[in-house]
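Q: I have a structure here, written as structure tokens, and I will follow up with some questions on it.
The values are calculated or read from the model by the stated rules, or taken from the named source; none is laboratory data. Model, not experiment: these values are computed from the prediction. Please note: Cβ atoms are built from the backbone with ideal geometry, for glycine as well, and neighbour counts cover all protein chains shown.
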Amino acid sequence: MKYVDEFRDPKAAKVLVKAIAEKVDAIGATVEKPVHIMEICGGHTHAIFRYGLDKLTPPGLEFIHGPGCPVCVLPMSRVDECIEIAERPGVIFTTFGDAMRVPGTRKSLIQAKADGADIRMVYSPLDALELARRNPDNEVVFFGLGFETTTPSTALAIQQAARENLSNFSVFCNHITVPPPIKVLLDDPHMVLDGFVGPGHVSMVIGTRPYDFIARDYGKPIVVAGFEPIDLLQSVLMVLTQIAEGRAEVENQYARIVPDGGNPVSIAAIEDVYQPRPTFEWRGLGEIDASGLRIRDKYKDFDAEEKFGIGYATGRRVVEEPEGCACGEVMTGRIKPMQCPQFGKGCTPDIPLGALMVSSEGACAAYWQYGGARQAAE
Amino acid sequence: MCLGIPGQIVKITDKATNLALADVSGVQRQVNVTCVAGGGLEDLVGKWVLIHVGFAMALIDEDEARKTMETLTALGEAQEEFEAMFQSDRALEGRT
Ligand code: SF4
């Protein structure tokens, strides 16, 4: 246990690690026939590697990394559309830094910026609003990206823009929701998933009830978890305990932040501004029903798709993935990053093929940084 | 972007738009507090919140704030958040 002593509470961690090992034994899981627990959120993937939780827990327990990195599931065609908007004269294109290095078919946003497009990394949609106020002669577009954790922020920014009549501000909305892809993975006969560690901050917004179908319809346990190593260990133990006892429930390990009903103000803002799209494309998962959001007609003046006649509403583009890239399989937990033929060869953090290698929440980036796999590849 | 960062509300700066000044480990930053303003805006002063992309999303206690900060620092996420904030300030001034 080489990492436990670094934890804030090593004693508690040791107790949890021991209890996890006992539960894994009790349910008869072994290296040949492991129990598969998917952590949905990319932040959890990152924490698991940083703290070496995959090494601390017995080999009979396998973490499957889920699709919960919003930048990683972005199809290349979305990045292309961002660049098309950004390259129009008079546009100031604003985005979270995470999206800058995601490869499009021709280039990434960072390359487009180097080529002269006015692309600015902002911390918050509030800063994009402020840019619109300060630059009335420019069109300021914000790249609305992320799961339910960030959706309320762009919804509130759009409401604010409407109140101020800030007609040079718009959002290129690519927000997505967590529950639909989980359903797709559960419906996939090739996936073996015995339980889930649920996302903490998405759940802080939407609450725990949207996961009811996982327990009710699929008979799988899910435990909403915090981000500290102790949180994650405790949540894994809760999932294993449910499996051992033959239960399948939605449990909340992160109740100190996550109310079961979510945050009503955030939910109201999301509903006011957004509506589900009939379908939306995910990199690696394909089209998923009702998994993306678009801006409602009443806010169409602030919808970059309307303003620029671009985006999902106006025409689907199918873009081939680069040769030999296995992003889709890694994203859905079918294979581990090192099994991608490009890992460390055609794809590195400096010259990435997929977003999984450059997003701080991407599984390939996590393996590269912490997995020791870099040496293996070199 | 998804992990957020804890901060303490210092003062309410704009009642009409629910803006407040938050102290994030010594860095002061304007945040929107709409999602946590259920108890009234003035009640928020001195409280700890979890901030995601400039929006306070949940009330937390001081102990939770401290623990979260430690974890974020260990993950390298705290540094990334600060870098994003400074970068954004430069973007506002056109110095990108
Ligand atoms: S190594 Fe690169 S190409 Fe392979 S799955 Fe990861 S991001 Fe995609």
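Q: Which one of A:Glu87, A:Glu32, A:Glu62 is in contact with a His (Cβ under 7 Å, 6 or more places away or on another chain) and surrounded by fewer than 23 Cβ atoms within 10 Å (Cβ to Cβ)?
A: Only one candidate qualifies: A:Glu62.
Q: Going residue by residue through region A:133-149, is there one that turns out to be among the small types (Gly, Ala, Ser), touching a strand residue (DSSP E or B) at 6+ places or on another chain (Cβ under 9 Å), under 30 Å from A:Arg209 (Cα atoms) and outside any loop (DSSP other than H, G, I, E, B)?
A: Yes, region A:133-149 contains a residue that is among the small types (Gly, Ala, Ser), touching a strand residue (DSSP E or B) at 6+ places or on another chain (Cβ under 9 Å), under 30 Å from A:Arg209 (Cα atoms) and outside any loop (DSSP other than H, G, I, E, B).
Q: Would you call B:Leu19 more than 18 Å from A:Phe96 (Cα to Cα), in contact with a Ser or Thr (Cβ under 6 Å, 6 or more places away or on another chain) and either surrounded by 21 or more Cβ atoms within 10 Å (Cβ to Cβ) or without any contact (Cβ under 8 Å) to a residue 60 or more places away in the chain (or both)?
A: yes
Q: OK, next. What helices (runs of 4 or more DSSP H) lie completely within region A:250-338 and have 2 or more residues being crowded, with 18+ Cβ neighbours inside 10 Å and within 16 Å of the ligand (Cβ to nearest atom)?
A: Answer list for region A:250-338: A:327-331.
Q: Next question. For region A:171-221, what are the residues that are in contact with a strand residue (DSSP E or B) (Cβ under 6 Å, 6 or more places away or on another chain), aromatic (Phe, Trp, Tyr) and closer than 30 Å to A:Arg296 by Cα?
A: A:Phe172, A:Tyr211
Q: Let me ask something else about it. Starting from residues that are touching an Asp or Glu at 6+ places or on another chain (Cβ under 9 Å), hydrophobic (A, V, I, L, M, F, W, C) and surrounded by 24 or more Cβ atoms within 10 Å (Cβ to Cβ), keep the ones in region A:179-203 and report whichever is farthest from A:Gly60 (Cα to Cα).
A: Top of the filtered list is A:Val202.
Q: Is at least one residue of region A:70-78 modelled with pLDDT of 95 or more, under 22 Å from the mean Cα position of the chain (by Cα), within 13 Å of chain B (Cβ to nearest Cβ) and crowded, with 24+ Cβ neighbours inside 10 Å?
A: no
Q: Go through region A:245-277 and give me each residue that's on the phi > 0 side of the Ramachandran plot and within 14 Å of chain B (Cβ to nearest Cβ).
A: Once the filter is applied, which keeps residues that are on the phi > 0 side of the Ramachandran plot and within 14 Å of chain B (Cβ to nearest Cβ), region A:245-277 yields only A:Gly262.
Q: If you go through region B:39-96, how many residues are more than 7 Å from chain A (Cβ to nearest Cβ), surrounded by fewer than 18 Cβ atoms within 10 Å (Cβ to Cβ) and not hydrophobic (A, V, I, L, M, F, W, C)?
A: 18
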